[in-house]
Amino acid sequence: MRIMLFTGKGGVGKTTLAAATALQAAQSGTKTLILSTDPAHSLSDALDQELTPEPQEIAPNLFAQEVDVYYSMKKHWENVRQLMLATFRFQGVENVVAEELSALPGMEEASAFLWLEEYHREGLYDLIVIDSAPTGETLSLLSLPQVTQSWVMKAFPGQRFAMKGFGAMVRGMTGIPLDYGLDELERLFDKLERIQKVMQDPEISSIRVVLNPERMVIREAKRALTYLQLYGYNVDAVLVNRILPETARAGGFEQYLDQQADYLEEIEQSFQPLPIFKLAHQGREVFGRPLLQEIGQSLYGGRKDFMEVLYQDKPFELREITGGYTARLKLPFVQDKDFTVNKYGDELVVSIGNQRRTIALPRFANYLQVEGYTFEAPWLEVQLKR
Ligand SMILES: Nc1ncnc2c1ncn2[C@@H]1O[C@H](COP(=O)(O)OP(=O)(O)O)[C@@H](O)[C@H]1O
Ligand SMILES: [Mg+2]
């Protein structure tokens with residue numbers, strides 16, 4: 001089985017490209033599921049078709065599902081839901097609000113990952129494409145189960161799984177399935193941990209970062225790449241969407257096109273050696289299967305291996321050393337040893353000849369200083385000191 005997750009800033013085209021990819025795969029005979037975890041659920045708009053919270057076959061080999069946190073909790077985690085509801089009520093939160101709170105931030109994604117865990121375990125599909133919500137940190141939930149665990153534990157008075165005996169007593173007295181809820185919660189975390197390993201297995205899973213040739217979007221994509229790699233997820237491609245064609249120049253878009261050219265160059269410099277795929281602005285709203293199919297063709301340029309893990313390496317690495325960190329960057333096409341390395345806030349700027357490459361560091365790097373660097377092709381190592 002193969003898992004592919006699309007991430008990127010809001011509105012860049014994640015849903016569109018995820019749907020186009022899934023369609024393309026299904027058409028080549030791969031049993032494919034596209035799973036939308038975005039509560040805004042624009043996947044049904046893109047496919048121009050109503051979708052359900054269970055997988056539904058919408059074309060030969062193509063299944064689609066819009067994850068709904070309430071539906072998922074009711075179906076699989078009713079005891080956890082009851083437990084959370086009871087807890088919030090106990091803390092004086094009104095009923096309606098308590099219902100709403102049982103879908104805490106992160107629950108949408110958590111429930112999507114639980115579905116994914118089931119599909120993976122049962123081997124139901126050859127490919128699962130995940131159209132995720134526009135959060136830069138889509139996977140932080142999954143990368144740090146301990147943290148998730150701790151926020152869940154914070155929501156409960158009395159704490160800890162050691163409450164089970166007490167839970168059974170509460171169930172006897174009040175009917176609230178406290179002990180079952182705690183059991184369920186434990187299983188839930190086991191499953192999240194299991195699927196985390198699958199998502200971090202570069203033979204199975206990869207992340208595709210979608211972006212547009214625009215300043216803010218590129219910044220966010222770089223940051224996403226840094227964090228994903230830091231958390232141990234494999235990014236295997238960058239997809240540049242909504243590129244204006246040169247023909248727009250005549251229509252008053254000269255300035256935009258000039259900037260776009262600069263941004264496209266910046267993207268090449270910053271994301272290589274990752275494969276970069278490009279898609280033109282379609283000049284109209286994009287929805288419906290026929291157009292999405294064309295987009296899939298055009299995006300991957302007819303490449304037959306578009307479903308495979310296209311890249312499996314870490315072009316960026318941060319290692320802790322005494323007194324600070326070493327940032328390692330892969331610069332595969334660079335021979336020259338004449339660099340300048342500067343750091344502005346949490347960005348590392350490497351200038352090589354007339355090329356400039358900026359790398360987003362994790363935010364804590366704000367307080368680090370560049371102490372020096374070494375280059376041994378293709379690796380540039382920058383020492384950062386506290
Ligand atoms: N290449 C494109 N050309 C024209 N419109 C596009 C293109 N890609 C996406 N769109 C449109 O942009 C909007 C946002 O795309 P969407 O895929 O929903 O983004 P996201 O899922 O990242 O929020 C949608 O209305 C979509 O139809
Ligand atoms: Mg979307």
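State which residue pairs qualify: first residue on the phi > 0 side of the Ramachandran plot and inside region 7-26, second residue near ligand 2 (Cβ under 10 Å from one of its atoms) and part of a helix (DSSP H, G or I) in any location, beta carbons under 6 Å apart, and separation of 6 or more residues or different chains.
Gly8/Lys14
Are there strands (runs of 3 or more DSSP E) fully within region 235-323 with at least 2 residues that are of a type in the set (Asp, Glu)? List them. Lay out the reasoning, then the answer.
Working: elements: 235-243, 276-280, 316-321.
It comes to 316-321.
The rows are residues; the columns are (1) in the same structural domain as Ala46 (by TED's automatic domain parsing); (2) within 16 Å of ligand 1 (Cβ to nearest atom); (3) modelled with pLDDT of 70 or more; (4) more than 21 Å from the chain's Cα centre (by Cα).
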{"position": "Gln146", "(1), (2), (3), (4)": "yes, no, no, no"}
{"position": "Gly172", "(1), (2), (3), (4)": "yes, no, yes, yes"}
{"position": "Gly181", "(1), (2), (3), (4)": "yes, no, yes, yes"}
{"position": "Arg187", "(1), (2), (3), (4)": "yes, no, yes, yes"}
{"position": "Arg194", "(1), (2), (3), (4)": "yes, no, yes, no"}
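With the requirement that a residue be without any contact (Cβ under 8 Å) to a residue 60 or more places away in the chain and surrounded by 15 or more Cβ atoms within 10 Å (Cβ to Cβ), what does region 346-369 give you?
Answer for region 346-369, where residues must be without any contact (Cβ under 8 Å) to a residue 60 or more places away in the chain and surrounded by 15 or more Cβ atoms within 10 Å (Cβ to Cβ): Asp346, Glu347, Leu348, Val350, Ile352, Ala365, Leu368.
Taking Glu99, is it of a type in the set (Asp, Glu), surrounded by 16 or more Cβ atoms within 10 Å (Cβ to Cβ) and in contact with a helix residue (DSSP H, G or I) (Cβ under 8 Å, 6 or more places away or on another chain)? Before you say what the answer is, go through the steps one by one.
Numbers: of a type in the set (Asp, Glu): yes; surrounded by 16 or more Cβ atoms within 10 Å (Cβ to Cβ): no; in contact with a helix residue (DSSP H, G or I) (Cβ under 8 Å, 6 or more places away or on another chain): yes.
Against the criterion (of a type in the set (Asp, Glu), surrounded by 16 or more Cβ atoms within 10 Å (Cβ to Cβ) and in contact with a helix residue (DSSP H, G or I) (Cβ under 8 Å, 6 or more places away or on another chain)), Glu99 does not qualify.
Go through (1) at pLDDT below 95; (2) under 22 Å from the mean Cα position of the chain (by Cα); (3) not basic (Lys, Arg) for Ile295 and report which single condition fails.
(1)
Being touching a residue at least 24 places away in the same chain (Cβ under 8 Å) and in contact with a Phe, Trp or Tyr (Cβ under 6 Å, 6 or more places away or on another chain) narrows it down to one residue among Leu264, Leu228, Leu274, Leu279; which is it? Show your work before the answer.
Details: Leu264 fails: in contact with a Phe, Trp or Tyr (Cβ under 6 Å, 6 or more places away or on another chain); Leu228 fails: in contact with a Phe, Trp or Tyr (Cβ under 6 Å, 6 or more places away or on another chain); Leu279 fails: in contact with a Phe, Trp or Tyr (Cβ under 6 Å, 6 or more places away or on another chain).
Only one candidate qualifies: Leu274.
Name the residues in region 213-265 that are polar (S, T, N, Q) and under 29 Å from Val198 (Cα atoms), would you?
Start the filter on region 213-265 by keeping residues that are polar (S, T, N, Q), which leaves 226, 229, 234, 241, 247, 255, 259-260.
If the condition is that a residue be polar (S, T, N, Q) and under 29 Å from Val198 (Cα atoms), then Thr226, Gln229, Asn234, Asn241 are the ones that fit.
What number of residues within region 118-143 are modelled with pLDDT of 85 or more and assigned to a loop (DSSP other than H, G, I, E, B)? Show your work before the answer.
To start, the set of residues in region 118-143 that are modelled with pLDDT of 85 or more comprises 118-132.
This time we only want the ones that are assigned to a loop (DSSP other than H, G, I, E, B), so: 123-126, 132.
Here the count works out to 5.
From the list Ser72, Ser28, which residue is touching a helix residue (DSSP H, G or I) at 6+ places or on another chain (Cβ under 6 Å) and either farther than 30 Å from Thr226 by Cα or not assigned by TED's automatic domain parsing to the domain that holds Glu220 (or both)?
Details: Ser28 fails: touching a helix residue (DSSP H, G or I) at 6+ places or on another chain (Cβ under 6 Å).
Result of the check over Ser72, Ser28: Ser72.
Which one of these does Ile267 not meet: (1) within 30 Å of Lys74 (Cα to Cα); (2) away from ligand 2 (no atom under 16 Å from the Cβ)?
For Ile267, the exception is condition (1).
Among the residues that make up region 174-182, is at least one of them in contact (Cβ under 8 Å) with a residue 40 or more places away in the chain and among the acidic types (Asp, Glu)?
No, because not a single residue in region 174-182 is in contact (Cβ under 8 Å) with a residue 40 or more places away in the chain and among the acidic types (Asp, Glu).
Which ones in region 31-61 are surrounded by fewer than 23 Cβ atoms within 10 Å (Cβ to Cβ) and either away from ligand 2 (no atom under 16 Å from the Cβ) or not assigned by TED's automatic domain parsing to the domain that holds Arg289 (or both)?
Lys31, Glu50, Thr52, Pro53, Glu54, Pro55, Gln56, Glu57, Ile58, Ala59, Pro60, Asn61
The values are calculated or read from the model by the stated rules, or taken from the named source; none is laboratory data. Bear in mind that the values here come from a model prediction, so they are computed numbers and not experimental data. Heads up, the Cβs are rebuilt from the backbone with ideal geometry, glycines too, and the neighbour counts pull from every protein chain shown.
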